[in-house]
Amino acid sequence: DARVSNSNIESFSWTGANRNVQLSNLQRLIVGGGEPEFKDSKNGNSWGFGLTLDGDLSRGSSCSCATFGSPCLSKSPEREFFHVENVELWSLTPASTIEQAEKLEAAREFIYKHSKLIEV
């Protein structure tokens, strides 16, 4: 259920309908999406990704989302792209100090750069 605070911000909690909370790769960043694991045959919803941003974070789209029970979050029609003007991203890290976070990020960057050399 959506909760509305005094500032009129709606929040949508995880519904438990699926485990598609987030996905990110070089092409896109996705929050929520997919169909519920257990479909209700009476419900005719057309589910999609709650929020999708292209890899360069310049375009996005939104659809009603089973993961969070949210409607389309854009003024654009569902599945139509909108232009992104500003993005604020937060990151959670297991590091407790800046130095630990920098070491972790350096290790990830090393693995990413060297994984391109390995052919599967």
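The values are calculated or read from the model by the stated rules, or taken from the named source; none is laboratory data. The shown structure was predicted, so the numbers you read here are calculated from the model rather than taken from an experiment. As a convention, Cβ positions derive from the backbone with ideal geometry for all residues, glycine included, and neighbour counts pool all protein chains shown. Surface areas here come from the heavy atoms of the whole protein model, side chains and all, with no ligands, DNA or RNA. Shrake-Rupley method; radii C 1.70, N 1.55, O 1.52, S 1.80 Å.
Over segment 54-93, average the accessible area per residue using a 1.4 Å probe and give it in Å², no decimals. Show your work: numbers first, answer last.
Details: 2850 Å² over 40 residues.
Spelled out: the 1.4 Å probe surface of segment 54-93, per residue, equals 71 Å².
Calculate the dipole size of segment 70-120 relative to its Cα centre from +1 charges on Lys and Arg beta carbons and -1 charges on Asp and Glu beta carbons; express the result in debye to the nearest 20.
For this selection, approximately 140 debye.
With each label point set 7 Å from Cα along the Cα-Cβ vector, what nm distance links residue 9 and residue 101?
1.9 nm
Cα gyration tensor of segment 70-120, axes a ≥ b ≥ c as square roots of the eigenvalues: rounded (a/c below 1.5), prolate (a/b > b/c) or oblate?
Details: a/c = 3.45, a/b = 1.70, b/c = 2.03.
Oblate.
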